[in-house]
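Read-outs throughout are calculated quantities, based only on the coordinates presented, and are distinct from any laboratory measurement. No experiment lies behind these values; they were computed from the predicted model shown. Here the Cβ positions follow ideal geometry from the backbone for every residue, glycine too, while neighbour counts run over all protein chains shown.
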Amino acid sequence: MSASRIQQLADEACHLLKGNPLMASTASLQRVATRNLLKRRFQYGSTLAAASKLTDCSAGVEALSRYFPDLANGGYTRLLELPPAVAGPVTADPYRSSVLAAWMNGLARSLEWQAGGPDVQIVSGCLQSDLIASDLELERQPARRLSCGIGLVCIESLARSRVMQALLRQCMPNYRGSDYPIADDAELDRIADHLESAFALIAGLDMYGYQRLIAGLHTLYIGVRRESPCSFSSSNELPGSAMIVLSRERLRDGDHAATAAQLLHQAGHVLLGLYTTSAAASLPGEFQYVSPYKEDLQTFESILHVVYTVPWECAFGMACLSNETNPERRAWKTAFIITYAARQVPLIDIARKGIERLGGDVLLDLSDIAAIPSWSSRILFLVGQLLAEEPIAHRQAHFAERQRVLDRQAWDIGQMLLRGKEPVDPRMGRREIDDSGDNVSLWYDGKFHVIPKASDHPMGKDYGRYRGYAPSEMEAM
């Protein structure tokens, strides 16, 4: 591919990044953050009020309430009388503190622990002022602070916290602290320098994304591992933060573009999560969808997250291709983007159909999300132009991979149908289960499939080539 064509595609990718559907005006995002504050204020206040009624819990409740100005001094007992509030910067908003969210969620769960009534001992365990203060100190006084203001906290601190470690296991179930080296001061400096370069790259190619990244995140929980791959994760349970574990290979090679793209992916999760959690009406929670990126059934919201974040990551990766001077690395990154985006083919239509099914108050309340499928489709179209520039042998391999994605999607849907589920997928046509109930005939994307019932988990475990790596055909190029 010529340098001029690479630059042209990179410029088009930058143009698409400017059209990000959730890159609303600052005023619009301020309204979303304020709604998030008010919704969490009511939830937290109700939790504190319930806990304060238990014997020997009032002192702990008062101490915890002081972190939330409106709820202090018994404010949690006067929720309907509290004055309006406006969300401040993410670093100053206690309702977007990941530590306070973790402890408040733990307190809420402890109150619901037993049907016969909460156990005072369990509830008081979530009101330990010294432990809360210790966890919060790490968030407010991080090990390093980037020039954009985001703090870096060693991920090992989460593992040492009784409350936070549960969220570490949730976000990074494969994290085993004993297998990961603890970053010393020199390594922390290398991580900080690497992230500074990644943030600078984002600022140069996706200014709106950069602004939303620093407006949505106050903390990165960081770690280092000896081998690839790197790990990036976030959760609505940890507002305003994300977890990243960088490999020493990434730090050594200085692949700032890959780190930047993955940071924006997490920023997308945080941003979309802010929209959905602050909404008055929740998105439907039925597990009716199949995702080529996952091994189990998904809700519409999880589908929407993937349809929003992965194309954003792919578009940014394309914008970076013109900066890659090593031809071999550029070829590998091109193959990765094309292969990674191929799994969006069924998902974009699923997301569009899901939005059509919403209607009513939910869609009115979350109107910005309606543009996500069309924006993602434009990115997928641009990836198609990138594919058209590949040699014919490469194109054939990519088309074969795309068909494999669709065939696998049909197989997963068949497993659902054979187990009495009704998946939502507009590419699915006529289907018929035979008299034995062990086979289903299914039209999917215009292709006929006969799918036998698998003996194990309905979604199977054959996802080895789906996890962000180019398949063997690509690796051989």
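Evaluate E = 1/(1 + (r/R0)^6) for Ala166 and Asp56, where r is the Cβ-Cβ distance and R0 equals 35 Å; express this FRET efficiency to the nearest 0.05. Kindly include the intermediate steps, with their values, before the conclusion.
Working: r = 24 Å, r/R0 = 0.70.
Between Ala166 and Asp56 the formula returns 0.90.
How do the peptides 337-350, 132-145, 206-219 rank, highest first, by the average count of neighbouring beta carbon atoms within 10 Å per residue? Numbers along the way, then the final one.
Values: 337-350: 23.1, 132-145: 16.9, 206-219: 21.6.
In decreasing order of mean packing, 337-350, 132-145, 206-219 become 337-350, 206-219, 132-145.
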Could you work out, for the range 48-115, what percent of all Cα-Cα pairs fall into each 5 Å distance bin, beginning at 0 Å and stopping at the bin that holds the largest distance?
3, 15, 23, 27, 19, 9, 3, 1
Between Cys230 and residues 5 or more places away or on another chain, which pairs have amide H atoms under 5 Å apart, with H built 1.01 Å from N, and which residues are they?
Ser247
Exceeding the 21 Å Cα-Cα cut-off - candidates Lys353/Lys421; Lys294/Lys421; Lys18/Lys353
Lys18/Lys353
Scale the Cα Rg of the range 289-426 by the rule-of-thumb value 2.2 N^0.38 Å and send over the ratio, two decimals.
1.14
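How many Å³ per residue does the convex hull of the Cα positions in the chain occupy? Let's see the in-between values first.
Values: hull volume 78.7 nm³, N = 477.
Normalising the Cα hull of the chain by residue number yields 165 Å³.
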Setting aside same-chain residues fewer than 8 positions from Lys39, which lysines have a Cα under 27 Å from its Cα?
Lys53
In order over the range 342-358: 3J(HN,Hα) from phi, Karplus 6.51/-1.76/1.60, θ = phi - 60°, whole Hz, x for each Gly or Pro, gives 4, 6, 6, 3, x, 6, 5, 5, 4, 5, 4, 5, x, 5, 4, 6, 5
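With a ≥ b ≥ c the root eigenvalues of the C-alpha gyration tensor of the range 54-164, is it rounded (a/c under 1.5), prolate (a/b larger than b/c) or oblate? Could you put the intermediate results ahead of the total?
Details: a/c = 2.41, a/b = 1.31, b/c = 1.85.
Cα axes put the range 54-164 in the oblate bin.
Please figure out what share of the DSSP beta bridges in the chain is antiparallel and state it in percent, rounded to the nearest 5. Each step should come with its number before you reach the end.
Working: 16 of 27 bridges.
If I count the DSSP bridges inside the chain, around 60 percent turn out antiparallel.
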Taking the Cα centre of the chain as origin, work out the dipole magnitude from +1 charges on Lys and Arg Cβ and -1 charges on Asp and Glu Cβ, in debye rounded to 20.
400 debye
Mean separation of Cα contacts under 8 Å, 6 or more apart, over the residue count of the chain: relative contact order %
15 percent
What angle do you read, to the nearest 10 degrees and between 0 and 90, between the alpha-carbon axis of helix 372-388 and the longest principal axis of the chain?
40 degrees
Give me the distance in nm between label points sitting 7 Å out from Cα along the Cα-to-Cβ direction at Gln403 and Thr77, one decimal.
7.1 nm
Quick one: which of 48-61, 359-372 comes out on top by average Cβ neighbours within 10 Å, and what's the full order, highest first?
48-61, 359-372
Whole Å is fine, so just give me how far the alpha carbon centre of the range 170-233 lies from that of the range 1-75.
20 Å
Antiparallel versus total DSSP beta bridges in the range 150-274: what percent is that, nearest 5?
20 percent
Under the Karplus relation with 6.51, -1.76 and 1.60 and θ = phi - 60°, whole-Hz ³J(HN,Hα) for the range 137-152, x at Gly and Pro, equal 4, 5, 6, 8, 10, x, 5, 9, 9, 6, 5, 7, x, 6, x, 10
